[in-house]
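One structure is given here, and the rest of the page talks about it.
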Amino acid sequence: MSVITLTTDMGLKDYYVPAIKGAIYAELPDAKIVDISHDIPSFDISQASFVLKNCYSSFPKGTIHIVGVDPEPKNEKRNVALEYDGYYFIGNDNGIFSLMFDKVPTRVFELTIHSESTFLIRDKFVPAACHLARGGTLEVIGTIATEFNRMQPFRAVVEGNVIRGTVIYIDKYGNVITNVTQQLFADVGRNNPFSIYFRRSSYEINRINRTFNEVPEGEKVAMFTSGGHLQIAINKGGEGSGGGANKLFGLKLNDIITVEFESQFIGHDN
């Protein structure tokens, strides 16, 4: 039986998440349910897409990912079930999937499961997920959709020898993750000297480390995440130990991060 994961903005204070899990177990007593996160900021599909993008492929092929962030369709939007890279995703066609995927999904189906309920995750997404977990097909629960809602993620901008990126995610340790990718960094910098600036010019890093412990505790560090994004962090930072990079440097979502390479080196091989 396939794994079913849950990603929502519902938190754990209320009855919502237990009700969703209860509905799954009512249909599939032997279901395997994994909570990815219920702490997504309310209706924030950008944060949800980043979290899910960085972990969905760690699950076995055939896993069904229920996305319960901004689930209610409006205007031309609809609820969909789609297949991508051997995985299934169920959620609102609000642009979240285009933010997650690098390619067009293999198949997209508009869900035809009818429900008068306002609790769509429990009463519409769960039946669809359980159907797929039992080995059912997309054709039974939906009709083929030729298009799905596409949104363009914010990308870092290159201006000569400078990359200007933004903060796209802050984790529980206060590590600040940007949209500057490792590939872009390599393509523009070509192993040349650089400086990373943030908030004020007095905050500067000119080295990329592989691990946090390559710098002393409490020291700032720049490194690439396992997903290939530049992050600014404090070794052993976080609540109770002086704070993470977000608090110590006053960084928040959408703040600008600048990477400046020494221009006299650009265009020349070392």
Residue count for region 1-19, restricted to those that are within 20 Å of Gly62 (Cβ to Cβ), modelled with pLDDT of 95 or more and over 13 Å from the mean Cα position of the chain (by Cα): 4
Residue in region 147-163 that is farthest from the chain's Cα centre (by Cα), counting only those that are buried (at least 17 other Cβ atoms within 10 Å of the Cβ) and not polar (S, T, N, Q): Ile163
Positions within region 147-162 being in a strand (DSSP E or B), out of contact with any Asp or Glu (no Cβ under 8 Å at 6 or more places or on another chain) and of a type in the set (A, V, I, L, M, F, W, C), in sequence order: Val157, Val158
Exclusive hit being over 23 Å from Asn254 (Cα atoms), in the same structural domain as Gly243 (by TED's automatic domain parsing), of a type outside the set (Gly, Ala, Ser) and part of a helix (DSSP H, G or I), set Asn191, Asn209, Asn213: Asn213
Lone unmet requirement of (1) buried (at least 16 other Cβ atoms within 10 Å of the Cβ); (2) in contact (Cβ under 8 Å) with a residue 40 or more places away in the chain for Leu184: (2)
Residue ranges of helices (runs of 4 or more DSSP H) in region 94-146 with at least 3 members of a type outside the set (Lys, Arg) and either touching a Gly at 6+ places or on another chain (Cβ under 9 Å) or surrounded by fewer than 17 Cβ atoms within 10 Å (Cβ to Cβ) (or both): 126-133
Considering residues of region 163-188 that are in a loop (DSSP other than H, G, I, E, B) and touching a helix residue (DSSP H, G or I) at 6+ places or on another chain (Cβ under 7 Å) only, the residue farthest from Gly243 (Cα to Cα): Asn175
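Here is a yes/no grid of residues against (1) modelled with pLDDT under 95; (2) among the aromatic types (Phe, Trp, Tyr); (3) assigned by TED's automatic domain parsing to the domain that holds Ile33:
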position	(1), (2), (3)
Lys74	yes, no, yes
Lys77	yes, no, yes
Phe89	no, yes, yes
Asp102	yes, no, yes
Cys130	no, no, yes
Residue count for region 26-56, restricted to those that are exposed (fewer than 13 other Cβ atoms within 10 Å of the Cβ) and over 21 Å from Asn92 (Cβ atoms): 3
Output for region 29-83, where each listed residue is assigned to a helix (DSSP H, G or I) and free of Cβ contacts under 8 Å to residues at least 12 places away in the same chain: Ser58
Filter result for Phe50 (of a type in the set (Phe, Trp, Tyr), within 24 Å of Asn149 (Cα to Cα), out of contact with any helix residue (DSSP H, G or I) (no Cβ under 9 Å at 6 or more places or on another chain) and assigned by TED's automatic domain parsing to the domain that holds Asp123): no
Failed item in (1) of a type in the set (A, V, I, L, M); (2) in a strand (DSSP E or B); (3) farther than 22 Å from Phe50 by Cβ, with Leu230 passing the rest: (3)
Sole exception among (1) in contact with a Phe, Trp or Tyr (Cβ under 6 Å, 6 or more places away or on another chain); (2) under 13 Å from Leu251 (Cα atoms); (3) at pLDDT below 90 for Arg200, by number: (1)
Some residue of region 210-217 being modelled with pLDDT of 95 or more, of a type in the set (Phe, Trp, Tyr), under 26 Å from Val51 (Cα atoms) and under 26 Å from the mean Cα position of the chain (by Cα): no
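The values are calculated or read from the model by the stated rules, or taken from the named source; none is laboratory data. Remember, predicted model here, so these are calculated numbers, not experimental data. Quick reminder, even Gly has a Cβ in these numbers, built from the backbone with ideal geometry, and neighbours come from all protein chains shown.
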